[in-house]
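The values are calculated or read from the model by the stated rules, or taken from the named source; none is laboratory data. Please read these numbers as outputs of a predicted model, since none were measured by experiment. When we count neighbours, we look across all protein chains shown, and the Cβ atoms used for this are built from the backbone with ideal geometry, even at glycine.
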Amino acid sequence: MPQYKVAIVGAGPAGYFAAMALQNLQTEELKFSIDMIERLPTPWGLVRSGVAPDHPKIKTVSKVFEKVANEPNFRLFANVELGSDLAIVQLKEKYDAVVIATGMALGKKLGIPGEDLLGSMSAATFVPWYNSHPDFKDENIDLSCDTAVVIGAGNVAMDVARILALEPSELDPTDTADHAIDAFKKSSVRAVVVSARRGPEHAAFTSPELRDLPKLEHTNVVINQADIEAAIARAGDTPEKDVKSNLDAMLLISEKEATHHERTMKFQFLATPTEIKGNGRVEEVVFQKTGSDETFSIKCGLVITAIGYEAASLEGIPYEKGKVVNSDGRVSESLYVVGWAKRGPSGVIGTNKSDAAEVMKLLVEDLGTPKNLGDITDVITHNRVVTQMHWQAINMAEVAAGEPLGKPRRKAVDREELLKLGRL
């Protein structure tokens, strides 16, 4: 009976859904052994370091990942980096197929003057900082200003704005990084402006997230009713279902009776940022009203852009416009790509499931004779590989540390500390 070896690079949702698809495609005649390779000492990708900590329900998908990981044909190789610990060419030699599931970690740039001033950053820095990503634990996030501007019209922008505008004690029962909770408790930010270049009918928010906003107990949420009514008129009589759902949710917020909390989260639409000004650090953002010559500015000390992501390139893999060059998930012979690295930063976590299943069907169609040329263990030279067993030790230690504090877990943020928890 042929047994094919598949390496999956990246232990985020796309990687796990690809592994699950392969497990589901197994038959009496077709068997897979799956090795998942992850740069960090911890798996789960954005579910661990991207999902907003005040939305814990979304993280329950990790139970699916753990079920996949506990199948006998699955092995985890975390704390192993493609490029420094092993090369793509070595994987292609050892495995019948290699699947790239590395996602996108670089924030897109606005490309305007002042973007590199102190106090201007991407959500690709800010989000992993408050989510305990080891690479971002030492970021210096200055929250000493009273106004922050978040540029973007998707759920990442909304998450960033909400986290900034929350009463910080609301984060105490979450798995937000300790250093971030400390910083938020000392924060002077009281007004957060979410700024979108286009109108509300083009926003990429999802309606469940919008409908959660009025539930914030200590934050005023402000949307101009005239903006939404104009967007409803522009959308016409038969808007797409998602657009209608979004506009309905925004209209409800705009019609809500005003509250008078200390903190405010305000949405502005049809505003294109043209310049970030300041002497050495951010002091204001200049906007042009989209479709006109009129300009206005907002005084602020923090600007966070959430306008999309790009993939960091890996040697031996072709990239174009921030994505892996592919045709329906095929990159080259025995090399495939799934998730954001394949299609760009679109969809929700569940979108990766159907996407990965389609690509894995192609992979199975392309299979030839099994190689049987050893595996990753012949190539890795260091002895600090985090296996599933080590990860379970880290996981249990974090959950145990969170329990007395009423948190789902207390994340370790330092690589060495993580490895120590894994007994490595």
**Study point:** Ser188, sole failed condition from (1) part of a helix (DSSP H, G or I); (2) closer than 22 Å to Val303 by Cα; (3) small (Gly, Ala, Ser)
**Key:** (1)
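Within the range 22-42, can one find any residue that is hydroxyl-bearing (Ser, Thr, Tyr), within 14 Å of Gly103 (Cα to Cα) and either under 24 Å from the mean Cα position of the chain (by Cα) or outside the structural domain of Gly368 (by TED's automatic domain parsing) (or both)?
No; the residues of the range 22-42 include none that is hydroxyl-bearing (Ser, Thr, Tyr), within 14 Å of Gly103 (Cα to Cα) and either under 24 Å from the mean Cα position of the chain (by Cα) or outside the structural domain of Gly368 (by TED's automatic domain parsing) (or both).
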Check your understanding: Any chance the range 326-337 includes a residue that's under 26 Å from Ala124 (Cα atoms), in contact (Cβ under 8 Å) with a residue 60 or more places away in the chain and not in a strand (DSSP E or B)?
Key -> no
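Identify all residues within the range 156-170 that are part of a helix (DSSP H, G or I) and either more than 19 Å from the chain's Cα centre (by Cα) or surrounded by fewer than 19 Cβ atoms within 10 Å (Cβ to Cβ) (or both); write none if there are none.
Passing the criteria: Ala165, Pro168, Ser169, Glu170.
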Study note, to complete from the structure: Residue pairs qualifying under the 6 Å Cβ cut-off, at least six apart or on distinct chains, with the first in the range 235-249 being assigned to a helix (DSSP H, G or I) and the second being β-branched (Val, Ile, Thr), are Ala235/Val243; Leu247/Ile232
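Could you run through the range 273-315 and say how many residues are at positive phi, surrounded by 15 or more Cβ atoms within 10 Å (Cβ to Cβ) and over 26 Å from the mean Cα position of the chain (by Cα)?
Residues flagged as at positive phi, surrounded by 15 or more Cβ atoms within 10 Å (Cβ to Cβ) and over 26 Å from the mean Cα position of the chain (by Cα) within the range 273-315 amount to 1.
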Review point. Can you name the number of the only condition in (1) under 23 Å from the mean Cα position of the chain (by Cα); (2) under 24 Å from Leu82 (Cβ atoms); (3) surrounded by 14 or more Cβ atoms within 10 Å (Cβ to Cβ); (4) modelled with pLDDT of 90 or more that Arg410 fails?
Key: (2)
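Can you confirm whether Thr351 is buried (at least 16 other Cβ atoms within 10 Å of the Cβ), among the polar types (S, T, N, Q) and modelled with pLDDT under 95?
On the way: buried (at least 16 other Cβ atoms within 10 Å of the Cβ): yes; among the polar types (S, T, N, Q): yes; modelled with pLDDT under 95: yes.
Yes: the conditions hold for Thr351.
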Point to revise | Those residues of the range 127-146 which are touching a Gly at 6+ places or on another chain (Cβ under 9 Å) and in a helix (DSSP H, G or I), in sequence order | key: Val127, Pro128
Practice item. Name the residue, out of Lys256, Lys299, Lys277, Lys266, that is under 22 Å from Lys108 (Cα atoms), touching a residue at least 40 places away in the same chain (Cβ under 8 Å) and in the same structural domain as Arg190 (by TED's automatic domain parsing). Key: Lys277
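Here are some residues: Pro318, Pro408. Which one is out of contact with any Leu (no Cβ under 9 Å at 6 or more places or on another chain), within 21 Å of Asn131 (Cβ to Cβ) and not β-branched (Val, Ile, Thr)?
Only one candidate passes the filter, namely Pro408.
This table checks each residue for (1) surrounded by fewer than 21 Cβ atoms within 10 Å (Cβ to Cβ); (2) within 20 Å of Val379 (Cα to Cα); (3) of a type outside the set (A, V, I, L, M, F, W, C).
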site	(1), (2), (3)
Lys63	yes, no, yes
Glu66	yes, no, yes
Asn70	yes, no, yes
Arg75	yes, yes, yes
Ala78	no, yes, no
Ser84	yes, yes, yes
Gln90	yes, yes, yes
Ala97	no, yes, no
Ile100	no, yes, no
Study note, to complete from the structure: If we keep only residues of the range 369-406 that are over 19 Å from Thr42 (Cα atoms) and within 28 Å of the chain's Cα centre (by Cα), then the residue surrounded by the fewest Cβ atoms within 10 Å (Cβ to Cβ) is Gly406
Study note, to complete from the structure: (1) surrounded by fewer than 18 Cβ atoms within 10 Å (Cβ to Cβ); (2) at pLDDT 95 or above; (3) under 25 Å from Lys92 (Cβ atoms) all hold for Ser334 apart from (1)
Review point. Among Leu270, Leu251, Leu213, which is of a type in the set (A, V, I, L, M, F, W, C) and on the phi > 0 side of the Ramachandran plot?
Key: Leu270
Review point. For the range 113-126, what are the residues that are surrounded by 19 or more Cβ atoms within 10 Å (Cβ to Cβ) and not in a helix (DSSP H, G or I)?
Key: Gly114, Gly119, Ser120, Met121, Ser122
Check your understanding: Just a yes or no: is a residue in the range 29-47 assigned to a helix (DSSP H, G or I), without any contact (Cβ under 8 Å) to a residue 40 or more places away in the chain and not acidic (Asp, Glu)?
Key -> no
